[in-house]
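**Q** My structure is below; once you've seen it, I'll send some questions.
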Amino acid sequence: MIGIDLQGKKFLVMGVANRRSLGWAIAEQLAEAGAQLAFSYQAERLQAELEKLTDQLADRLLFQCDVSQEAELSAMFGQIAEQWGSLDGIVHAIAFAPRESMEGRYIETTRDDWVTALEVSAYSLVSVARHAEPLLNEGAGIVTLSYYAAEKVVPKYNVMAIAKSALEASVRYLAYELGPANVRVNAV
């Protein structure tokens, strides 16, 4: 099998919480291919784990960034612009819904839990893409993670399934808008 060479390419990986995160599995493959990596983490409580996971990666950048806070997104992308100047790719591996919203019946989902799940899991991709757009090199890509429940009922996935459906629709619109600039947007 022919390996992928990403030497000199810069990627931002968002949403690595621990070693079992899909975002981490993707980051490992990017690093193996030679990419330079930056990571964002949602809150200080996640910083130590991410530092431990990434301490063997040369020149990695770490940013605290709560995607529900526009100021934090703006600050992070400003720092990336200062330190790297541009990006070749973004891995959006961010999803969250309050546990209560996934334990009961979907019909019992509260407005606050619904808004939280949609904001963090779906709208964040739109906001990230908007902040990143000026930094994306020609041929750059944005990839996010979806799930089967975006199309079919999966019991107990509840509001997260709705968020994944919105995420997939957002991918289509972002791909349509960013495609003419040769920027790919995909969900896997």
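**Q** Out of ALA140, ALA132, ALA95, which single residue is small (Gly, Ala, Ser), under 19 Å from ALA17 (Cβ atoms), touching a residue at least 40 places away in the same chain (Cβ under 8 Å) and surrounded by 19 or more Cβ atoms within 10 Å (Cβ to Cβ)? Walk me through how you get there before you give the answer.
**A** Values: ALA140 fails: under 19 Å from ALA17 (Cβ atoms); ALA132 fails: under 19 Å from ALA17 (Cβ atoms).
Of the residues listed, the single one that is small (Gly, Ala, Ser), under 19 Å from ALA17 (Cβ atoms), touching a residue at least 40 places away in the same chain (Cβ under 8 Å) and surrounded by 19 or more Cβ atoms within 10 Å (Cβ to Cβ) is ALA95.
**Q** Further, regarding this structure: Name the residue, out of GLN47, GLN64, that is farther than 19 Å from LEU167 by Cα, open to solvent by 30 Å² or more (accessible area, probe 1.4 Å) and under 14 Å from the mean Cα position of the chain (by Cα). Write out each step before concluding.
**A** Details: GLN47 fails: under 14 Å from the mean Cα position of the chain (by Cα).
None of the other options fit; the residue is GLN64.
**Q** Further question: For TYR157, which of the numbered conditions (1) over 15 Å from ALA132 (Cα atoms); (2) loosely packed, with under 12 Cβ neighbours inside 10 Å; (3) not aliphatic (A, V, I, L, M) fails to hold?
**A** So TYR157 meets the others, but not (2).
**Q** Consider LEU57 carefully, then state whether it is more than 13 Å from the chain's Cα centre (by Cα) and open to solvent by 20 Å² or more (accessible area, probe 1.4 Å).
**A** So LEU57 passes the test.
**Q** Restricting attention to the range 50-66, does a residue exist that is touching a residue at least 60 places away in the same chain (Cβ under 8 Å) and in contact with a Ser or Thr (Cβ under 9 Å, 6 or more places away or on another chain)?
**A** Checked against the condition, which is being touching a residue at least 60 places away in the same chain (Cβ under 8 Å) and in contact with a Ser or Thr (Cβ under 9 Å, 6 or more places away or on another chain), the range 50-66 yields no hits at all.
**Q** Okay, moving on. Give just the number: which of (1) more than 24 Å from ARG184 (Cα to Cα); (2) open to solvent by 30 Å² or more (accessible area, probe 1.4 Å); (3) modelled with pLDDT of 95 or more does GLU100 not satisfy?
**A** So GLU100 meets the others, but not (3).
**Q** When only residues in the range 84-131 that are more than 26 Å from ALA25 (Cα to Cα) and among the charged types (D, E, K, R) count, which is nearest to the chain's Cα centre (by Cα)?
**A** ASP113
**Q** What tally of residues in the range 9-44 results from selecting those that are touching a helix residue (DSSP H, G or I) at 6+ places or on another chain (Cβ under 7 Å), polar (S, T, N, Q) and surrounded by fewer than 19 Cβ atoms within 10 Å (Cβ to Cβ)?
**A** Count: 1.
The values are calculated or read from the model by the stated rules, or taken from the named source; none is laboratory data. Everything numeric here is computed off the predicted structure, so don't read it as measured data. Don't worry about glycine lacking a Cβ; one is built from the backbone with ideal geometry, like all the others, and counts go over all protein chains shown. Remember, those area values only see protein heavy atoms, side chains included, never the ligands or the DNA or RNA. Shrake-Rupley method; radii C 1.70, N 1.55, O 1.52, S 1.80 Å.
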